[in-house]
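The values are calculated or read from the model by the stated rules, or taken from the named source; none is laboratory data. The structure displayed is predicted, hence computed values, not measured ones. Neighbour counts are summed over all protein chains in view; Cβ atoms, including those assigned to glycine, are modelled from backbone coordinates with ideal geometry. Quick note on the areas: whole protein, heavy atoms, side chains included, nothing else; ligands and nucleic acids left out. Shrake-Rupley method; radii C 1.70, N 1.55, O 1.52, S 1.80 Å.
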Amino acid sequence: MDSLFLANLGSPPLLFFFLGVAAAFVRSDLEIPTQVAKFLSVYLLFAIGFKGGVALAESPLDASVGLGLLAAVGLAAAVPVYVFFLLRRRLSAADAAAISATYGSVSAVTFVTAAAYLDSVGVAWGGHLVAAMALMESPAIIIGILLYRVFGQRESGERAEALDWGELLRESCLNGSVFLIVGSMLIGWITGSRGMEQIAPFVVEPFIGILCLFLLDMGLVAAHRIIDLSKAREGVIPWPTLVGFALVLPLVNAMLGGSVALLLGMSEGDALLLTVLAASASYIAVPAAMRLALPEANPSLYLPMALAVTFPFNLLVGIPAYHLALRSIIGN
Amino acid sequence: MDSLFLANLGSPPLLFFFLGVAAAFVRSDLEIPTQVAKFLSVYLLFAIGFKGGVALAESPLDASVGLGLLAAVGLAAAVPVYVFFLLRRRLSAADAAAISATYGSVSAVTFVTAAAYLDSVGVAWGGHLVAAMALMESPAIIIGILLYRVFGQRESGERAEALDWGELLRESCLNGSVFLIVGSMLIGWITGSRGMEQIAPFVVEPFIGILCLFLLDMGLVAAHRIIDLSKAREGVIPWPTLVGFALVLPLVNAMLGGSVALLLGMSEGDALLLTVLAASASYIAVPAAMRLALPEANPSLYLPMALAVTFPFNLLVGIPAYHLALRSIIGN
Amino acid sequence: MDSLFLANLGSPPLLFFFLGVAAAFVRSDLEIPTQVAKFLSVYLLFAIGFKGGVALAESPLDASVGLGLLAAVGLAAAVPVYVFFLLRRRLSAADAAAISATYGSVSAVTFVTAAAYLDSVGVAWGGHLVAAMALMESPAIIIGILLYRVFGQRESGERAEALDWGELLRESCLNGSVFLIVGSMLIGWITGSRGMEQIAPFVVEPFIGILCLFLLDMGLVAAHRIIDLSKAREGVIPWPTLVGFALVLPLVNAMLGGSVALLLGMSEGDALLLTVLAASASYIAVPAAMRLALPEANPSLYLPMALAVTFPFNLLVGIPAYHLALRSIIGN
Amino acid sequence: MKPCKRIEIVVEEHLAGRMADQLDAAGAPGYTVIRRAGGRGVRGVRRADDPTGTATNCVFIVACDDDAQVEKVVAAIRVMLKRSGGLCLVSDAHWIGY
Amino acid sequence: MKPCKRIEIVVEEHLAGRMADQLDAAGAPGYTVIRRAGGRGVRGVRRADDPTGTATNCVFIVACDDDAQVEKVVAAIRVMLKRSGGLCLVSDAHWIGY
Amino acid sequence: MKPCKRIEIVVEEHLAGRMADQLDAAGAPGYTVIRRAGGRGVRGVRRADDPTGTATNCVFIVACDDDAQVEKVVAAIRVMLKRSGGLCLVSDAHWIGY
Ligand SMILES: Nc1ncnc2c1ncn2[C@@H]1O[C@H](COP(=O)(O)O)[C@@H](O)[C@H]1O
Ligand SMILES: Nc1ncnc2c1ncn2[C@@H]1O[C@H](COP(=O)(O)O)[C@@H](O)[C@H]1O
Ligand SMILES: Nc1ncnc2c1ncn2[C@@H]1O[C@H](COP(=O)(O)O)[C@@H](O)[C@H]1O
Ligand code: NA
Ligand code: NA
Ligand code: NA
């Protein structure tokens, strides 16, 4: 049973993640140049989007798919609400709102790694989960800002910069990663297997290798964040508490996501992906949006929580653990 | 018949071009990092050059090939002359010279896309067309500068920086893209099929996938230019006129190129590529050379014409239209 | 027999190296963007490390392997000592120490090119040579600094910045390239052929193609160095002398390395790789470490020697020449 | 060659577009922007090479004709600096006309 | 620590090589150049991230010993600035010797 | 808006981490760093685009409150500049508070 953990931890992408972490901790000067690292993530979104679209073109779009997508959006909108009220007691409204948006949204790289994990253990998953990922990126941002506007505004008496809702919507719904996934999915769906044939040598075959190098970089980045953290002055809230939150939130969200998936009768692979999406936290799109719309929130809280704790936790432990749990319930 | 248009517009590379355009218009922050975008174009030149060279090594070099290359150079030298005198009436000598050089030279990406299009519709083309492309990049630059020196100099009474002909020749004949295409072609030609075997997994198989990402970026760039344009103050010449020129010039040049190809009895594929070369306009090499040698010319005229109008026009409409026309004449 | 030279010089990677050199000399503006060039070298180290690790997993680790690694470290530690005392007579202690470290350490790209050469001429080589390369990068740095501390310090009367030995060790033993090679090798060794299957389309197939583009860039860089050199004011030591050193040192070191390999009874391929390692000089890791630990040494001596003379010499002439010599002794 | 004021602003790279808009709105005669800078201030370290892009700075240089223009520019960007952090320096310089 | 002049020049990146040559020729004691900058001036917006490379700026910083040197440098680059656009600021500074 | 001192330092990019540490140690209130710069000085040309990374500069900008702080910073980095080369300029500026 725990062979799932081994299969996960012993896979090249995860091992390269560890290598990146190790390099940062021994202060090696190993690095993936920034622009290339960004491009690798563009590649991963492009490839997973395209593959999802081609898969969609091949399987019928039925009511259960629509229901699944609806549930995904619902999860992404509901999570920030409970997280906000949970954290409100210990943190400022701005910080609580930013963290709630972070955990309501998703991490594309966690999703991609989970999909690669499923492929490697031979469990099928549906292309519409890629659509679910894309749909789950944005709602939490808007909910988070709304929560702050409704419950937090009075706190700060000062005249704030007017919020530009148009800009916010664009930032949240049309940010680069959402746009690229949705676009690639559409193109994959339009061109189908004929398109796949043309670009499979680029999007399918080197995928795992590129994921290895990208996770190497993510390991470096996550570990750098941990190191920066450990140097930071003690904030309003002790670090162990933050780390605790960053470990408990994915577990609770995974339970929520998993329950929804089981209620909807999703297949093993699809259920795992929805669970992972719920459990994951955004460390790119949401922080970027928060810096624009909610700069009062302290990025040195939400960013390391998502990037340095929740992300590695899901990658290393979460994915196989959620799988194990789902499998034992579905009874495969 | 219009299946050619569909085959073109429905191909993944073109769809990704549209995706880039759309991303820019909705102001998504999607981007391909600059250095990677430059590298993708290096890759495309390297790959098309190498493939062209290998193809050359396999087919005999005969008189008709030599004649074709001569005709290509002739086209590249003749086009700027008529364009210059046409535009002289409405624009300053510097602007007319720069635009004439732009349209006399070629766009390597348009060529690469046309070659991919031919591959996808199953029409053969000869490796020497790659040589034709390389040969056509430079002459227009020199002719454009000469036209300005002869007909424009008196206009501006001021003491100009002395023109460094050595630098100009180097800029025009030895610029990076010409050098890389010619060099890769030579190496492909020397190493032949044995060399191809070694690097086919890099230059052949992922080609279309990489072209997709590159055209995604080109879509972003072209659309950004259109947006910048629409914000610019009205210049000496109304924008509709410029757009008109940027649509008429490729059509006229395509006719010139196509006629030459038909006169020389080129095959369908070769004729299309020569036509596309004639119709295309340079938005990298020529603008760079013009900024150095003819900074009086306004880059916000020639650059958007080539990049934001002519380039998309050829990609989307031109290639299949020229193909249709050639096919109906050759009578396939 | 000289077919080995032809096989080497006529291979696509070497031809692209020439292309880069040519581009720099005609002052073409061809360039591989820096960040991408760095990434290409990351890729090469990642791929060669992984392949080496997988090979190790498949062959038994025995005493002869251990002896080989020991000999490699010995070479890397011994070479700087003789070079230092040789150069001391003509150069300052700092310069002699830096050059000795440069030649004691190794060039990963030279190694990778030699490995690709062996593959192309069909000679097998063992994965533990990758480990040898990794082990040979660092010792020379430490020996070089020690030599300077012991024999050179008194020269400069001034109070020096205190040497941070921790930082030096980290710089030398944990620099990015060593870390990446060792890490990838470990991961290749752990995941074995199962891991290889997953990432072969990324690390094996496009390898030669990527090596071509990287060597194109190295050609540009090496030639730029030569050009900068020729413009530099005459230094303390005439250039022909330096070039002479940069040609003689690799030959002497190759003899040392080759002798060790023959004494240990290494196979033809392994012997060549050890010889090449000994003959090669570091132009990335050592210069970086020297700028931190020994800034008194003039980088415009050791850098061009390693990069502009020894590196091309080994690539073009050294590899096949050493092979020829070894083969004639081993008597294949 | 006329006396002028040189404003130097450091803000998060995410805010570059907004900063440019505000400079335009405040009537700045132009600006130059250098991206992918790092730094340290009261809000901690910002690494220029952060692939998540959330902790990178950019530097704006604005040459202004006179104090009145500086006032307008500074007024326009102050709220932004207050909320998001950053640096703003003003110094004297001479503008070389051509 | 001696008084000196700091020249700051913005030109198109294409012209970086030529600018460096002219600074050398004018006897500038050295320069530092930052590439891939963006900006806006009377010639419109220049995006630092333009892959066509035709609309990117670079920033030169030149520390000069005295006014005479500044004069020479400015004279050398004026034609270039006039033809291609850009910015040139001169300010006072102190050069820390070591 | 209070008077301040602006320090501008150019060193090899390899030394960026060490420089940042020394600025921290010297009590600099913050700094901004621009990487991948090129340049020319008495030690020859440094190309910003050198893939071997051994000849690239970076530029540090440090806004200091007063001369005392400048003294401390300059003292801290002088040995480094002496050994490795580079440039250090100090000028007057005004720090816009927010
Ligand atoms: N004293 C300073 N000198 C130079 N740059 C500074 C200084 N203080 C802040 N900065 C820059 O402004 C950014 C944000 O500052 P802060 O909001 O203080 O964290 C920092 O990351 C630095 O790049
Ligand atoms: N007032 C200004 N302040 C800062 N940079 C400027 C200014 N004016 C022009 N520039 C820079 O110089 C470049 C060329 O200016 P221009 O020739 O006026 O378009 C612009 O893209 C800016 O980077
Ligand atoms: N006069 C100067 N003006 C601007 N930058 C300089 C000057 N002198 C030196 N530098 C910079 O400092 C670096 C090292 O200088 P040096 O140690 O003199 O070679 C150079 O590569 C330049 O980037
Ligand atoms: Na989530
Ligand atoms: Na043309
Ligand atoms: Na060696």
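In table form, for the structure just shown:
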read-out	value
Yes/no for residue D:34 being within 16 Å of ligand 3 (Cβ to nearest atom), within 12 Å of chain F (Cβ to nearest Cβ) and open to solvent by less than 30 Å² (accessible area, probe 1.4 Å)	yes
Complete set of residues in the range D:1-15 that are touching a Lys or Arg at 6+ places or on another chain (Cβ under 7 Å) and not in a strand (DSSP E or B)	D:13, D:14
Test result for residue C:287, away from ligand 5 (no atom under 16 Å from the Cβ), within 14 Å of chain F (Cβ to nearest Cβ) and in a helix (DSSP H, G or I)	yes
Residue within the range B:17-33 that is more than 14 Å from chain C (Cβ to nearest Cβ), closer than 27 Å to residue B:134 by Cα and without any contact (Cβ under 8 Å) to a residue 60 or more places away in the chain present	no
Those residues of the range A:175-206 which are open to solvent by 50 Å² or more (accessible area, probe 1.4 Å), part of a loop (DSSP other than H, G, I, E, B) and either facing another protein chain (nearest Cβ under 8 Å) or closer than 15 Å to residue B:18 by Cα (or both), in sequence order	A:205
Any hit, the range D:13-36, residues being touching a strand residue (DSSP E or B) at 6+ places or on another chain (Cβ under 6 Å), within 8 Å of ligand 1 (Cβ to nearest atom) and over 18 Å from residue A:293 (Cβ atoms)	no
Sole exception among (1) surrounded by 17 or more Cβ atoms within 10 Å (Cβ to Cβ); (2) more than 16 Å from ligand 4 (Cβ to nearest atom) for residue A:274, by number	(2)
Condition broken by residue D:28, with the remaining ones in (1) under 19 Å from residue D:94 (Cα atoms); (2) within 7 Å of another protein chain (Cβ to nearest Cβ); (3) of a type outside the set (Ser, Thr, Tyr) satisfied	(2)
Test set (1) crowded, with 18+ Cβ neighbours inside 10 Å; (2) away from chain C (no Cβ under 14 Å); (3) not polar (S, T, N, Q) - residue A:252 fails condition number	(1)
Complete set of residues in the range A:76-106 that are at pLDDT below 95 and not in a helix (DSSP H, G or I)	A:89, A:90, A:91, A:92
Condition met for residue D:21 (at pLDDT below 95 and either more than 16 Å from the chain's Cα centre (by Cα) or within 16 Å of ligand 4 (Cβ to nearest atom) (or both))	no
Among the candidates B:219, B:265, residue that is over 17 Å from the mean Cα position of the chain (by Cα) and in contact (Cβ under 8 Å) with a residue 60 or more places away in the chain	B:265
One residue from B:288, B:281 being among the hydrophobic types (A, V, I, L, M, F, W, C), under 17 Å from the mean Cα position of the chain (by Cα) and over 29 Å from residue B:326 (Cβ atoms)	B:288
The range F:57-98, subset assigned to a strand (DSSP E or B) and open to solvent by 40 Å² or more (accessible area, probe 1.4 Å), residue nearest to residue C:299 (Cα to Cα)	F:92
Pairs, first open to solvent by less than 10 Å² (accessible area, probe 1.4 Å) in the range C:277-296, second within 16 Å of ligand 1 (Cβ to nearest atom), C-beta under 9 Å, six or more apart	none
Residue check, residue D:2 modelled with pLDDT under 95, in contact with a Gly (Cβ under 8 Å, 6 or more places away or on another chain) and over 30 Å from residue A:300 (Cβ atoms)	yes
Any hit, the range E:46-64, residues being modelled with pLDDT of 95 or more, out of contact with any helix residue (DSSP H, G or I) (no Cβ under 7 Å at 6 or more places or on another chain) and within 16 Å of ligand 2 (Cβ to nearest atom)	yes
Residues satisfying the stated conditions in the range D:6-25, i.e. open to solvent by 40 Å² or more (accessible area, probe 1.4 Å) and under 22 Å from residue E:92 (Cβ atoms)	none
Per-region count, the range E:29-43, residues in a loop (DSSP other than H, G, I, E, B) and more than 13 Å from residue E:55 (Cα to Cα)	3
Tabulated pairs, the range E:76-94, first farther than 19 Å from residue E:66 by Cβ, second part of a loop (DSSP other than H, G, I, E, B) and basic (Lys, Arg), C-beta under 6 angstrom, 6+ apart or interchain	E:85/E:43
In the range B:23-46, residue surrounded by the most Cβ atoms within 10 Å (Cβ to Cβ) [restricted to those that are among the small types (Gly, Ala, Ser) and out of contact with any Lys or Arg (no Cβ under 8 Å at 6 or more places or on another chain)]	B:37
Residue match in the range C:44-59 (condition: more than 27 Å from residue C:183 (Cα to Cα) and away from chain A (no Cβ under 14 Å))	no
Test result for residue C:228, surrounded by 17 or more Cβ atoms within 10 Å (Cβ to Cβ), touching a strand residue (DSSP E or B) at 6+ places or on another chain (Cβ under 7 Å), part of a helix (DSSP H, G or I) and of a type outside the set (A, V, I, L, M)	yes
Pick from the range B:56-67, criterion at pLDDT 85 or above and in contact with a helix residue (DSSP H, G or I) (Cβ under 8 Å, 6 or more places away or on another chain), ranking: nearest to residue B:190 (Cα to Cα)	B:57
